[in-house]
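Here's the structure, in structure tokens; my notes come after.
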Amino acid sequence: MKTDVAAYDLRVSIIPTKHGEAVCLRILGRHTLLLDLRELGLEPDQEQLLRSLTRLPQGLVLLTGPTGSGKTTTLYATLANANDEGRKILTIEDPVEYQLEGIVQIQTKEEIGLDFAAGLRAILRHDPDVVLIGEIRDRETADIAVRAAQTGHLVFSTLHANDSVNVITRLLDMGIDPFPVGAALVCSMAQRLAQRVCRHCAEPDDALPDELRNEMAHALRLAPDAVHALRGRGCVECNGKGTRGRVAIYEFFVMSEAVADLFGPDLTTGVLRSAARQHGWRSLRELAWKKVQQGLIPAAEVQRLTYRIKQPDAQPLLALVP
């Protein structure tokens, strides 16, 4: 009897604790790493934008998100879409999680001096059209990536930041000159993985708080009574959790000349975020409400992934000043 066989990679981390070892095990299914852009959970306009980015002759595209948010899957799907005939694609990764056909992939090995910066310098001498840097961790790598994006290369990479707007301020904090950043960066993206409502036990969420209902209505430009959400009550199929599977939520910041003109040593996140919003940028939380309205994720997932403490009113604080 023939059975299907799937290959999995394991990433294991073990740390000593007071009562023994604690183990973190990541199971990476190779069949889930290589997806088509249509399978990522992008909204139609986001998918069209990402496909357009893969066709660019040069520029820098950065992706941010916490560990385990699906950044590698998104980047591999993006590279697969960019891998057309006649294009030379090279990557420097740590680790190489999936071997892509027709793409030259390099595994970093810091003990022999092959880190991201050294590997990137070597890659650029091979005259690639598209370059993937697994992660920008330091100023040297960031500087080379920005210069490569200005000299005829399409560069994809990841960078740790809170959202797609903070990607820019993170680069500036690393000491990169703001003017090359404004010229090289084409788009920054942020993503999260949300738990999907179990389709076997989904039911209307009648307990949605008025505050969230009004926020959701404002984000979606709907009347509050037109807002609806689903949640799973828990069943055998989802082991009583109410969720089964995951779906990605994406946020895009596309660079424009008007925003690039703001770049300078005194650029602040507030000014940048305000300018981005004027040119169509929407936060991850706002975009996540659309997934709730579609019945894909519960409202509780939006709170878990995007909740932030609201800034207090300044007046009571000022009243404390003698």
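This table checks each residue for (1) part of a loop (DSSP other than H, G, I, E, B); (2) modelled with pLDDT under 90; (3) within 27 Å of LEU37 (Cα to Cα).
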{"site": "TYR76", "(1), (2), (3)": "no, no, yes"}
{"site": "ASP84", "(1), (2), (3)": "yes, yes, yes"}
{"site": "ILE92", "(1), (2), (3)": "no, no, yes"}
{"site": "PRO95", "(1), (2), (3)": "yes, yes, yes"}
{"site": "GLN105", "(1), (2), (3)": "no, no, yes"}
{"site": "GLU111", "(1), (2), (3)": "no, no, no"}
{"site": "ARG121", "(1), (2), (3)": "no, no, no"}
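Select the strands (runs of 3 or more DSSP E) contained entirely in the stretch 1-73, then report the ones holding at least 3 residues which are at pLDDT below 95 and of a type outside the set (A, V, I, L, M).
Values: elements: 8-17, 20-29, 59-64.
Here the list reads 8-17, 20-29.
Pairs, please: C-beta under 6 Å, at least 6 apart or cross-chain, first residue farther than 17 Å from THR67 by Cβ and free of Cβ contacts under 8 Å to residues at least 60 places away in the same chain and in the stretch 12-25, second hydrophobic (A, V, I, L, M, F, W, C) and open to solvent by 100 Å² or more (accessible area, probe 1.4 Å)?
Close Cβ pairs (under 6 Å, with a partner that is hydrophobic (A, V, I, L, M, F, W, C) and open to solvent by 100 Å² or more (accessible area, probe 1.4 Å)) amount to GLU21/ILE14.
Just need a number here: residues in the stretch 123-156 that are part of a loop (DSSP other than H, G, I, E, B) and free of Cβ contacts under 8 Å to residues at least 24 places away in the same chain.
2
Rundown of residues vs (1) out of contact with any His (no Cβ under 9 Å at 6 or more places or on another chain); (2) within 30 Å of ALA148 (Cβ to Cβ); (3) open to solvent by less than 70 Å² (accessible area, probe 1.4 Å), yes/no style:
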{"residue": "PHE179", "(1), (2), (3)": "yes, yes, no"}
{"residue": "HIS200", "(1), (2), (3)": "yes, no, no"}
{"residue": "GLU203", "(1), (2), (3)": "yes, no, yes"}
{"residue": "ALA219", "(1), (2), (3)": "yes, no, yes"}
{"residue": "ALA223", "(1), (2), (3)": "yes, no, yes"}
{"residue": "LYS241", "(1), (2), (3)": "yes, no, no"}
{"residue": "THR269", "(1), (2), (3)": "yes, yes, yes"}
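Of the residues VAL254, VAL236, which single one is open to solvent by 30 Å² or more (accessible area, probe 1.4 Å) and touching a Phe, Trp or Tyr at 6+ places or on another chain (Cβ under 9 Å)?
Details: VAL236 fails: touching a Phe, Trp or Tyr at 6+ places or on another chain (Cβ under 9 Å).
Among VAL254, VAL236, only VAL254 is open to solvent by 30 Å² or more (accessible area, probe 1.4 Å) and touching a Phe, Trp or Tyr at 6+ places or on another chain (Cβ under 9 Å).
Within the stretch 259-296, restricting attention to residues that are hydroxyl-bearing (Ser, Thr, Tyr) and assigned to a helix (DSSP H, G or I), which residue is farthest from ALA223 (Cα to Cα)?
That would be THR269.
Given ARG231, ARG246, which one is open to solvent by 60 Å² or more (accessible area, probe 1.4 Å), of a type outside the set (Ser, Thr, Tyr), part of a strand (DSSP E or B) and touching a helix residue (DSSP H, G or I) at 6+ places or on another chain (Cβ under 9 Å)?
Of the residues listed, the single one that is open to solvent by 60 Å² or more (accessible area, probe 1.4 Å), of a type outside the set (Ser, Thr, Tyr), part of a strand (DSSP E or B) and touching a helix residue (DSSP H, G or I) at 6+ places or on another chain (Cβ under 9 Å) is ARG231.
Residues are listed down the side, and each one gets a yes or a no for (1) open to solvent by 40 Å² or more (accessible area, probe 1.4 Å); (2) over 18 Å from LEU28 (Cβ atoms):
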{"site": "ARG55", "(1), (2)": "yes, yes"}
{"site": "THR72", "(1), (2)": "yes, no"}
{"site": "LEU90", "(1), (2)": "no, yes"}
{"site": "TYR98", "(1), (2)": "yes, no"}
{"site": "GLN105", "(1), (2)": "yes, no"}
{"site": "GLU110", "(1), (2)": "yes, yes"}
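The values are calculated or read from the model by the stated rules, or taken from the named source; none is laboratory data. Source: prediction; values computed, not measured. Note that each Cβ is placed from the backbone with ideal geometry, even for glycine, and that neighbours are counted across all protein chains shown. Note: areas computed on protein heavy atoms with side chains; ligands, DNA, RNA excluded. Shrake-Rupley method; radii C 1.70, N 1.55, O 1.52, S 1.80 Å.
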